[in-house]
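I have a structure here, written as structure tokens, and I will follow up with some questions on it.
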Amino acid sequence: MSNKIVNWFKYASPQSFYPVAGKMIPWFWVLAAIFGVTGLWISFFVAPTDATQGEGYRIIFIHVPAAWMSMFIYVVMATWAGLGLALNTRLSGMMAQALAPTGAIMAFLSLWTGAFWGKPMWGAWWVWDARLTSALILFFLYIGFIALQAAIDDARRADKAGAILALVGVVNVPIIYFSVKWWNTLHQGASVSINKAPAMATTMLWGMLIMALAFWMYSIAVALTRVRAIILEREAHTEWVKELSEVKQ
Amino acid sequence: MSAVFAIIRRDLLLAMRRKSEVLTALFFFIIVVSLFPLGIGPEPALLRKIAPGILWVAALLATMLGLARLFAPDHADGTLEQMVLSPTPLGLLIAGKIAAHWITTGLPLVLLAPVLGIQFDLDSGAQGILVVSLLLGTPLLSLIGAIGAALTLGLRGGGVLLSLLVLPLYVPTLIFGAGAVEAYISGTGAGGHLSLLAALLVLGGFFAPWATTAALRIALE
Amino acid sequence: MLSATSLSCVRGERHLFDGLDLAVGPGEWLHVQGENGAGKTSLLRILSSLSPPAAGEILWRGQPIKTLGEDYRREMLFLGHHGAVKEELTPLENLTLAAQLDGTSLSEADAMKALARFGLRGREDLPVRFLSAGQKRRVLLARLAVRQATLWILDEPFTALDVKAVDMLSGLIVEHVTGGGIAILTSHQSILLPNGKVLVL
Amino acid sequence: MNWGSPAEFFAMGGYGLYVWGSFGVCALLMIAEPILVGKRRTSILRSLRRERIAETLDTQ
């Protein structure tokens, strides 16, 4: 038991995590490519045309994974942040910082694709649908997190302040989602919801799941690449960074 | 406990000595609310419909005005350090400061709202619900805002950053607060909204001082 | 009574000090010296429990101050660069509110007496912003006089004081130390007080 | 197979703008993000190497 904890802490130091991440990144890119190609193939060539929404529904093959990932990344980010506060490990804050831009991009994609789906289906680029509205607020939360960290010069303070904001955010996200949904039903929002678009056929579900896996692998690969850059930036003055082969050449 | 009351008394005393800050927020509230009919048109039915939303959004923005100065003066003159070093737990003192902030910004808005409601032709029942919703909601605005004020303490561009952090977190309060009045006007009853608002207030009252304290300790380290 | 073992302090990338040991007993005072940026203020903030040390431990009466918490803070008085004096409040209000914040009670008569001792008689009811910089510092001296604390941690207490006030403060410190108290302070001037130790950073 | 010809594929049954607008922006961001992250990495590596050279100059 104690052995496991020691091992875990060993990988929690930036110095030992840096090479491990470097080894893992190519594999996640390969997985992302495999799932991505399969997912695209299913979404365009296997999944049949929808009876009511025609070909337009194919947008959900990226909309839903982007929406899922934007929420999932926020929770993962808050978890890292919480770990950082509780255990005072340096890597946790760097991970949270590395995840935020990818999460923001996912939130943006879910908004963008939502709008491009909404235009033909609802006849408007933007509808105050409960999901789109919560996605918009989630996007603001990401931007706030990134802006707060950018405004603080001291890296340790930035990590800790960001961690508190992420934790406050993660408590609020369900409340926001619930309140927006409540607000939406009271005002009798759109009757077609973007997620239960067509009667979910099995092939569509598979396509969505595989695309979600592709997004997931992509996010891990990008976040790990970014965390490696952050480690180099923050540990620039340490000996081990100066001894790295990519620095020495 | 006496230290908590001392903090509240001190902040109220300071607010009395610098009346302009309190009055600015109050007049901001009045002016913003009065601008809407000018922009939209004087039709009473329309105004009645948008009144809850406008009054609530204006209250939210007016609360934001003073937030950046919630901890900044205490930080600048070293009082915050003394609060950290006080034998009384910092969380309690912070709760006291948040209470004082509400008394100086939230409470005046609650008292003023019915007067402005007249401009929007709200009947007395809707006025009552408006006051109750603000009474439950404005403390929540101070509580959530305090977290943002603590996080952005001493940062460049702190004021703008503060609104970026805090406004998204205000969404549930806005929805339930304005929704309560709207629900009353449309005849569905405001009970559900108000009890949810009260539940949020309990949750915020429990967590916000704690998160604010943690954020302040980080800012002071 | 107050001892610290192998303290280190890191600001950003810089190590201000490492492996610092110190011990001050009752009836002693410690003069922390060093160039600008040597970490004098940082050391005082660490000793006062405002910021945690990067490494090392601080003991008060043999117990770590981290676990003592409020019991330590009740016995300790810290005065930083900024005096925690509110410009809008009068010296009297500042003094009583500070006492309440410290968890002690201060009668108005005692507060007036302390202010009078430091030459602020007749200015008790004037908002502090109408006072001169030196008079503002005297409000702080009055606070030192009324606060019952065993350990004083004072960051640059002699700045902005005129000759008379410097004497008053020196007298106050001597009185405190001979009464069994402890004082730790930073100052650019050399101070001639009995029972002093010097720590150079 | 859903599509008779490439033209049909690109038209997406009249939803071409919306479907390709979504997939296009998605692809664009997912290409741009790794490139930007890669740039961040090369720029920090470059400054680290420069520092190394400066240090060797100091010791000489």
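Please work out which residue is nearest to A:Tyr177 (Cα to Cα), limiting yourself to the stretch B:175-202 and to residues that are of a type in the set (Val, Ile, Thr) and within 10 Å of chain A (Cβ to nearest Cβ).
B:Ile175
Just to check your reading of the model, which residue among B:Leu167, B:Leu140, B:Leu151, B:Leu162 is within 13 Å of the chain's Cα centre (by Cα), at the interface with another protein chain (Cβ under 10 Å from one of its Cβ atoms) and not small (Gly, Ala, Ser)? Full working, then the answer.
Working: B:Leu140 fails: at the interface with another protein chain (Cβ under 10 Å from one of its Cβ atoms); B:Leu151 fails: within 13 Å of the chain's Cα centre (by Cα); B:Leu162 fails: within 13 Å of the chain's Cα centre (by Cα).
B:Leu167 is the lone residue from the list that is within 13 Å of the chain's Cα centre (by Cα), at the interface with another protein chain (Cβ under 10 Å from one of its Cβ atoms) and not small (Gly, Ala, Ser).
If you don't mind, there's one more thing I want to ask. For C:Ala114, only one of the following conditions fails: (1) modelled with pLDDT of 85 or more; (2) within 8 Å of chain B (Cβ to nearest Cβ). What is its number?
So C:Ala114 meets the others, but not (2).
Identify, please: which residue in the stretch C:161-178 is surrounded by fewer than 15 Cβ atoms within 10 Å (Cβ to Cβ) and in contact (Cβ under 8 Å) with a residue 40 or more places away in the chain and is, among those, nearest to C:Arg138 (Cα to Cα)?
C:Lys164
Here's something else I'd like to know. With the requirement that a residue be crowded, with 22+ Cβ neighbours inside 10 Å, of a type outside the set (S, T, N, Q) and within 13 Å of another protein chain (Cβ to nearest Cβ), what does the stretch A:205-219 give you?
A:Gly207, A:Met211, A:Ala214, A:Phe215, A:Tyr218
Looking at the stretch C:143-160, which of the residues that are within 28 Å of C:Ser3 (Cα to Cα) and of a type in the set (A, V, I, L, M) is surrounded by the most Cβ atoms within 10 Å (Cβ to Cβ)?
Among those that are within 28 Å of C:Ser3 (Cα to Cα) and of a type in the set (A, V, I, L, M), it is C:Ile153.
Which members of the stretch C:60-69 meet the condition of being more than 29 Å from B:Asp11 (Cα to Cα) and either aromatic (Phe, Trp, Tyr) or surrounded by fewer than 16 Cβ atoms within 10 Å (Cβ to Cβ) (or both)?
Within the stretch C:60-69, C:Trp60, C:Arg61, C:Gly62, C:Gln63, C:Pro64, C:Lys66, C:Thr67 qualify.
What is the number of the single condition among (1) surrounded by 21 or more Cβ atoms within 10 Å (Cβ to Cβ); (2) part of a helix (DSSP H, G or I); (3) under 14 Å from the mean Cα position of the chain (by Cα) that C:Thr41 does not meet?
Among (1) surrounded by 21 or more Cβ atoms within 10 Å (Cβ to Cβ); (2) part of a helix (DSSP H, G or I); (3) under 14 Å from the mean Cα position of the chain (by Cα), the lone unmet condition for C:Thr41 is (1).
If you don't mind, there's one more thing I want to ask. Looking at the structure I just gave you, is C:Ser48 of a type in the set (Ser, Thr, Tyr), buried (at least 22 other Cβ atoms within 10 Å of the Cβ) and touching a strand residue (DSSP E or B) at 6+ places or on another chain (Cβ under 9 Å)? Spell out the reasoning first.
Values: of a type in the set (Ser, Thr, Tyr): yes; buried (at least 22 other Cβ atoms within 10 Å of the Cβ): yes; touching a strand residue (DSSP E or B) at 6+ places or on another chain (Cβ under 9 Å): yes.
When the stated conditions are applied, C:Ser48 passes them.
Limited to the stretch B:65-101, what total is found for residues that are touching a Gly at 6+ places or on another chain (Cβ under 8 Å), crowded, with 23+ Cβ neighbours inside 10 Å and in a helix (DSSP H, G or I)?
Adding up the residues that qualify gives 2.
Select from the stretch A:122-133 the residues that are touching a residue at least 24 places away in the same chain (Cβ under 8 Å) and more than 9 Å from every other protein chain (Cβ to nearest Cβ) and write down the one among them that is surrounded by the fewest Cβ atoms within 10 Å (Cβ to Cβ).
Only one residue tops the list, namely A:Trp128.
Give the residues of the stretch C:70-122 that are surrounded by fewer than 16 Cβ atoms within 10 Å (Cβ to Cβ) and touching a strand residue (DSSP E or B) at 6+ places or on another chain (Cβ under 8 Å), sorted by residue number.
Within the stretch C:70-122, C:His81 is the sole residue that qualifies.
Here's something else I'd like to know. Got a sec? Which of B:Ile8, B:Ile30 is within 14 Å of chain C (Cβ to nearest Cβ), within 25 Å of B:Tyr170 (Cα to Cα), of a type in the set (Val, Ile, Thr) and under 18 Å from the mean Cα position of the chain (by Cα)?
After ruling out the rest, the residue left standing is B:Ile8.
Does B:Val166 count as surrounded by 21 or more Cβ atoms within 10 Å (Cβ to Cβ), in contact (Cβ under 8 Å) with a residue 12 or more places away in the chain and farther than 22 Å from A:Gly82 by Cβ?
Criteria not met by B:Val166.
Pick out the one residue from A:Gly82, A:Gly114, A:Gly93, A:Gly103 that is part of a helix (DSSP H, G or I), away from chain D (no Cβ under 14 Å) and buried (at least 24 other Cβ atoms within 10 Å of the Cβ). It would help to see each step written out before you state the result.
Values: A:Gly82 fails: buried (at least 24 other Cβ atoms within 10 Å of the Cβ); A:Gly114 fails: away from chain D (no Cβ under 14 Å); A:Gly103 fails: away from chain D (no Cβ under 14 Å).
That would be A:Gly93, the only listed residue that is part of a helix (DSSP H, G or I), away from chain D (no Cβ under 14 Å) and buried (at least 24 other Cβ atoms within 10 Å of the Cβ).
Residue under question is C:Asp125, and the condition is that it be among the acidic types (Asp, Glu) and surrounded by fewer than 16 Cβ atoms within 10 Å (Cβ to Cβ); does it hold? Before you say what the answer is, go through the steps one by one.
On the way: among the acidic types (Asp, Glu): yes; surrounded by fewer than 16 Cβ atoms within 10 Å (Cβ to Cβ): yes.
Judged against the criteria, C:Asp125 is a match.
Quick check on C:Ala23: is it over 17 Å from B:Pro87 (Cα atoms), aliphatic (A, V, I, L, M), more than 9 Å from every other protein chain (Cβ to nearest Cβ) and in a strand (DSSP E or B)? Explain how you work it out, then say what you get.
Details: over 17 Å from B:Pro87 (Cα atoms): yes; aliphatic (A, V, I, L, M): yes; more than 9 Å from every other protein chain (Cβ to nearest Cβ): yes; in a strand (DSSP E or B): yes.
Yes, satisfied.
If a residue has to be away from chain C (no Cβ under 14 Å) and surrounded by 16 or more Cβ atoms within 10 Å (Cβ to Cβ) to count, how many in the stretch B:11-27 make the cut? Talk me through it step by step, then tell me what you get.
Step one: filter the stretch B:11-27 for residues away from chain C (no Cβ under 14 Å), giving B:23-27.
With the extra rule that they be surrounded by 16 or more Cβ atoms within 10 Å (Cβ to Cβ), the set shrinks to B:25-26.
Selection size over the stretch B:11-27: 2.
A follow-up question, please. Name the residues in the stretch A:226-249 that are within 7 Å of chain D (Cβ to nearest Cβ) and not in a helix (DSSP H, G or I), would you?
A:Ala236
The values are calculated or read from the model by the stated rules, or taken from the named source; none is laboratory data. The structure displayed is predicted, hence computed values, not measured ones. For neighbour counting, all protein chains shown are included, and Cβ atoms are generated from backbone atoms with ideal geometry for every residue, glycine included.
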